[in-house]
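Accompanying notes for the structure given below.
Computed from the coordinates by the stated procedures, all read-outs in this text should not be read as laboratory data. These numbers were taken from a predicted model, which means no experiment stands behind them. For neighbour counting, all protein chains shown are included, and Cβ atoms are generated from backbone atoms with ideal geometry for every residue, glycine included.
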Number of protein chains: 2
Amino acid sequence: MEAQLKAEFPADTPPDAIAATPSELNPALVAGLRDLLGERFSTAPADREHHGRGESYHAIQPPQAVCRALSTDEVSGIVKLCAKFDTPVVAFGAGTSLEGHVAARRGGICIDVGGMTRIVAVRPGDLDCTVEAGVTRQQLNAHLRDTGLFFPVDPGAECTIGGMAATRASGTNAVRYGTMRENVISLTVVMADGSIIRTSSRARKSSAGYDLTRLIVGSEGTLGIITEVTIRLYGVPEAMASAVCSFPDMGSAVAAVTTIIQFGIPVARVEFLDSNAMRATNKHSGLTLDEVPTLFFEFHGSEASVAEQAELVKEIVADNGASGFQWASDPEARAQLWRARHNIHYAIQGMRPNARVWSTDVCVPISALTQVMTETQPDLEAASFFIATVGHVGDGNFHLGLCIDPTSAAELAEAEILNERLVRRAIALDGTCTGEHGVGYGKAKFMNLEHGDGVRFMRMIKQALDPKDILNPGKILPAA
Amino acid sequence: MEAQLKAEFPADTPPDAIAATPSELNPALVAGLRDLLGERFSTAPADREHHGRGESYHAIQPPQAVCRALSTDEVSGIVKLCAKFDTPVVAFGAGTSLEGHVAARRGGICIDVGGMTRIVAVRPGDLDCTVEAGVTRQQLNAHLRDTGLFFPVDPGAECTIGGMAATRASGTNAVRYGTMRENVISLTVVMADGSIIRTSSRARKSSAGYDLTRLIVGSEGTLGIITEVTIRLYGVPEAMASAVCSFPDMGSAVAAVTTIIQFGIPVARVEFLDSNAMRATNKHSGLTLDEVPTLFFEFHGSEASVAEQAELVKEIVADNGASGFQWASDPEARAQLWRARHNIHYAIQGMRPNARVWSTDVCVPISALTQVMTETQPDLEAASFFIATVGHVGDGNFHLGLCIDPTSAAELAEAEILNERLVRRAIALDGTCTGEHGVGYGKAKFMNLEHGDGVRFMRMIKQALDPKDILNPGKILPAA
């Protein structure tokens with residue numbers, strides 16, 4: 001990276017406050033929380049550390065104490081106490097977030113809902129279910145196995161449904177099934193004063209007032225704490241098939257995807273991996289795929305529809321110079337392929353000892369995808385560390401996995417500049433600074449650039465719903 | 001209707017204020033608006049009357065003046081002036097709303113955006129387009145004719161895209177393509193202080209902060225005035241086919257639809273019409289269909305997929321006692337069928353001289369649809385006026401068209417009780433008081449019943465974004 005490229009936006013460290021200690025909590029608050037939770041209230045250093053970080057490069061910022069809630073009423077009780085003592089509360093699910101969402105920027109209490117794992121109701125007749133926030137998507141899909149139904153949203157990580165809703169997560173098959181925005185029907189939420197609301201009925205559509213459901217989805221615990229989620233389910237398709245094919249270069253792979261989407265072919269998944277991502281995948285998953293730009297596909301539907309989709313896709317990729325179109329239609333081969341794709345974060349991390357992955361996450365209108373990826377190529381070539389590119393390209397969304405030494409200030413600074421340049425390109429092409437990872441505190445600095453005056457209205461909403469600023473403070477909104 | 005059945009909720013008349021006259025407007029405001037708009041500022045009685053009513057039974061409540069805006073900047077200028085003089089502003093598109101959305105409850109200015117009919121951009125490569133708020137869906141689809149694309153959301157009426165977004169409208173093919181909630185990508189909005197924001201980028205998905213787009217969609221002009229809309233487009237399907245079939249009773253028709261949805265068959269449209277609706281349709285559209293409970297279907301897809309869907313549907317309806325499955329696959333026969341369905345509102349109105357149609361609009365989880373419709377049957381039989389039932393049953397959404405004399409206090413009171421009983425049943429079954437018509441002032445009284453404490457947080461949002469309560473006051477939120 002050239003020396004004159006300075007990050008214009010200030011770095012998002014150091015933390016807003018030196019991590020406060022448990023002893024600085026108000027004793028009456030501590031007494032109240034102990035009373036409510038017994039041993040599920042903890043100030044053990046290991047507990048605090050574990051709850052102060054996600055899976056990315058951000059520094060650990062531990063909360064002053066951890067509360068393990070087991071019910072909506074308990075979450076409400078904790079928030080009421082914290083509101084009384086003006087103490088921040090940060091919700092925590094599985095700790096898989098990527099932009100520092102769970103860092104206790106201003107100290108306070110972490111509410112870990114990871115123990116709220118009850119599957120409240122599965123309603124096959126309505127193709128929906130209600131789960132507590134701590135249920136993971138894997139737990140839910142295992143539970144659904146005998147019903148013929150599944151929940152498609154799949155960000156890869158072993159994350160909670162509550163966390164996915166809070167981050168507006170998506171993943172590999174959003175191109176067919178949508179994101180959490182489209183798949184959450186209703187939420188139970190504890191608001192800043194501890195009151196409990198349900199954001200909507202279970203009707204599939206409604207015009208009855210402001211869309212509180214979608215206001216809370218993606219609000220990252222800053223407007224309320226999600227405790228139950230009602231989501232859509234889908235019938236397991238009659239037929240599924242996966243395929244892999246290779247391309248001479250990134251541009252031709254992306255051009256193929258663009259054509260597929262413009263044709264309206266309902267592919268369930270279409271994932272791009274560049275040659276570095278393929279190298280990391282082969283190494284981590286013991287595969288021997290060609291280490292060239294590659295697309296992974298999955299098709300869902302009836303036997304006839306899957307065959308029809310695959311035939312069309314095969315023609316389009318061939319027209320774009322693809323080679324080695326390989327099928328994986330038996331379940332084991334399919335599972336192996338997608339396991340490899342899902343493990344890409346850890347595969348990239350494994351390319352270097354003691355590394356962390358700084359995963360970028362831009363999304364642009366699909367017609368701009370080739371341009372943003374092409375313009376980014378020189379930055380990748382100039383970088384001093386390993387970088388792999390993977391993308392949910394059917395949505396115009398892709399990630400760079402920057403494999404950095406998190407103790408190196410120079411590498412962090414280099415990564416920061418690279419990330420900022422990427423975000424600027426995406427926003428200039430009418431895209432977004434984050435397609436699915438969320439803002440946390442890592443991307444709050446880009447909010448003005450992306451939303452302009454819209455940020456002022458977001459701030460009004462935050463102030464109205466959380467006037468004391470106790471809900472996950474220092475996230476999403478940039479410092480005023 | 002039995003005499004002891006009293007409406008528990010107060011009637012939504014009389015208006016909040018006696019309609020104020022133009023001469024009561026602040027002269028400086030009038031001067032400013034004339035200056036801005038010239039002859040597009042009007043206080044003519046006919047203009048005011050026309051802008052004070054939708055298509056339903058609600059009394060006319062004219063604004064004090066009408067402003068015909070031709071650009072976002074003009075809307076901003078009008079709102080800035082109105083904000084300065086604390087004067088209400090009500091946005092107006094095509095005047096097709098059904099719950100009194102455009103009634104000037106507290107007088108003030110109507111901003112008619114019906115003249116903002118520019119199609120700003122069509123982007124086939126991104127399957128999206130941007131239009132001004134006054135573009136109607138018919139205008140847009142005519143414009144798209146040669147592109148191979150179409151915009152599917154179809155509430156029947158000749159309504160504007162801006163109005164559809166403001167009401168979170170849907171219609172006959174939401175079961176396949178979703179509602180305005182799913183199909184609006186981004187909005188340009190004039191906020192209460194006259195500032196102009198764009199609610200999001202054009203990326204298909206984003207996790208970058210609060211979902212302002214979906215907060216404004218369905219907010220009925222109470223949080224901001226929509227001036228431009230960016231929406232998804234879809235490829236015109238390779239094949240389309242329609243079909244009609246008859247059932248011995250409502251229950252078996254609904255059971256068939258429930259099974260079709262639970263099987264995940266991607267029907268594009270599935271509409272229920274009861275025998276009264278069929279009678280009105282035959283009379284209005286000159287058809288000779290059997291006057292029994294009927295389903296209208298439409299299938300979209302490839303030739304193979306349409307054939308496959310139709311075959312499955314044919315089996316399911318036969319299992320549920322259907323007879324007379326009739327195809328309409330040539331374009332003219334299909335168009336005739338759907339024209340008949342679209343004209344149902346006017347067909348019901350035509351069953352009686354000088355009638356208005358009070359169209360109810362509940363939506364429930366699909367497993368509860370038979371129950372709510374069955375429980376409603378005795379009310380229909382006891383009613384003193386003609387009622388037809390039509391439903392977007394694939395979504396769990398249906399309407400009763402009450403054919404009333406709007407000058408009869410007794411009929412209005414009877415309709416009100418019938419509507420309230422229906423809404424109570426829907427909410428008790430975890431449904432909503434409005435699937436697609438919106439709240440306006442007609443249904444504000446049901447908001448507490450449906451949302452409970454959630455209404456308090458909706459009110460906080462309204463107060464934060466419109467502290468002077470000038471944006472379409474008296475709508476959505478019930479009197480505190």
Could you state the number of Å between the C-alpha centres of the stretch B:289-344 and the stretch B:219-235?
-> 32 Å
State the answer as a single residue: which of B:V306, B:I260, B:P248 lies farthest towards the positive end of the charge dipole of the stretch B:239-346, with beta carbon charges of +1 for Lys and Arg and -1 for Asp and Glu, about the Cα centre.
-> B:P248
Computed over chain A: longest principal axis from alpha-carbon atoms vs helix A:250-262 long axis, angle to nearest 10 degrees, is 80 degrees
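Taking the Cα centre as origin and putting +1 on Lys and Arg beta-carbons and -1 on Asp and Glu beta-carbons, what dipole magnitude results for the protein assembly as shown, to the nearest 20 debye?
1660 debye
In debye to the nearest 20, how big a dipole does the stretch A:239-346 give about its Cα centre with +1 on each Lys and Arg Cβ and -1 on each Asp and Glu Cβ?
Dipole of the stretch A:239-346, to the nearest 20 debye: 380 debye.
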For chain B, report the convex hull volume of the alpha-carbon atoms normalised per residue, in Å³, without decimals.
-> 145 Å³
In whole percent, what relative contact order does the stretch A:22-112 give with Cα contacts below 8 Å and a gap of six or more residues?
-> 35 percent
Take peptide B:429-440, look around each residue's Cβ out to 10 angstrom, count Cβ atoms belonging to other protein chains, and average those counts.
-> 5
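Applying a 10 Å radius around every beta-carbon, put B:419-428, A:126-135 in order of their mean neighbour count, most first.
Values: B:419-428: 20.7, A:126-135: 24.3.
Per-residue mean Cβ counts within 10 Å order the peptides as A:126-135, B:419-428.
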When we measure straight from the Cα of B:K475, which lysines land under 22 angstrom away, once same-chain ones fewer than 8 places off are left out?
-> A:K205, B:K80, B:K84, B:K443, B:K445, B:K462
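Starting from the exponent 0.38 and prefactor 2.2 Å, build the expected Rg for the stretch A:22-112 from its residue count and divide its actual Cα Rg by it. Don't skip to the end; give the middle numbers.
Values: Rg = 12.2 Å, N = 91, 2.2 N^0.38 = 12.2 Å.
In units of the globular-protein estimate, the stretch A:22-112 measures up at 1.00.
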Stokes-Einstein, Kirkwood over Cα pairs, the protein assembly as shown, 4 °C, 1.567 mPa s; D in µm²/s equals 45 µm²/s
Chain B: relative contact order in percent, alpha carbon pairs under 8 Å with at least 6 residues between = 16 percent
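Take peptides B:230-240, A:70-80, A:359-369 and line them up by average Cβ neighbours within 10 Å, highest first, as a rough protection proxy.
Numbers: B:230-240: 18.2, A:70-80: 20.0, A:359-369: 25.7.
Listed from highest to lowest mean packing, they are A:359-369, A:70-80, B:230-240.
Take peptide A:456-468, look around each residue's Cβ out to 10 angstrom, count Cβ atoms belonging to other protein chains, and average those counts. List each step's numbers first, then the result.
Details: counts 4, 15, 6, 2, 7, 7, 3, 2, 8, 4, 1, 1, 0.
So the per-residue partner count for this stretch is 5.
Taking the Cβ-Cβ separation of B:D405 and B:A335 as r and a Förster radius of 30 Å, what is the calculated FRET efficiency to the nearest 0.05?
Working: r = 33 Å, r/R0 = 1.11.
The calculated FRET efficiency here is 0.35.
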Could you point to the residue in B:Y177, B:G224, B:A192 farthest towards the positive end of the stretch B:176-226's charge dipole, with +1 and -1 charges on the Cβ of Lys/Arg and Asp/Glu respectively?
-> B:Y177
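Under the rule of -39500 (n - 2.57) per DSSP H run of 4 or more residues, summed and divided by the residues of chain B, what mean residue ellipticity at 222 nm is obtained, to the nearest 500 deg cm²/dmol? Numbers along the way, then the final one.
Numbers: 17 runs with 168 residues, N = 480.
After summing the helix terms and dividing by residue count, I get -10000 deg cm²/dmol.
Compute the orientation-averaged projected area for the stretch A:366-431 from the convex hull of its Cα atoms and round it to one decimal in nm².
Values: hull surface 17.0 nm².
Averaging across all directions leaves 4.2 nm² for the Cα convex hull.
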Could you state the angle between the C-alpha long axis of helix B:275-285 and the longest principal axis of the C-alpha atoms of chain B, as a value from 0 to 90 degrees rounded to the nearest 10?
-> 70 degrees
Computed over the Cα atoms, what is the radius of gyration of the stretch A:108-171 divided by 2.2 N^0.38 Å, N being its residue count?
-> 1.14
Per-residue average of other protein chain Cβ atoms inside 10 Å, peptide B:211-222 -> 5
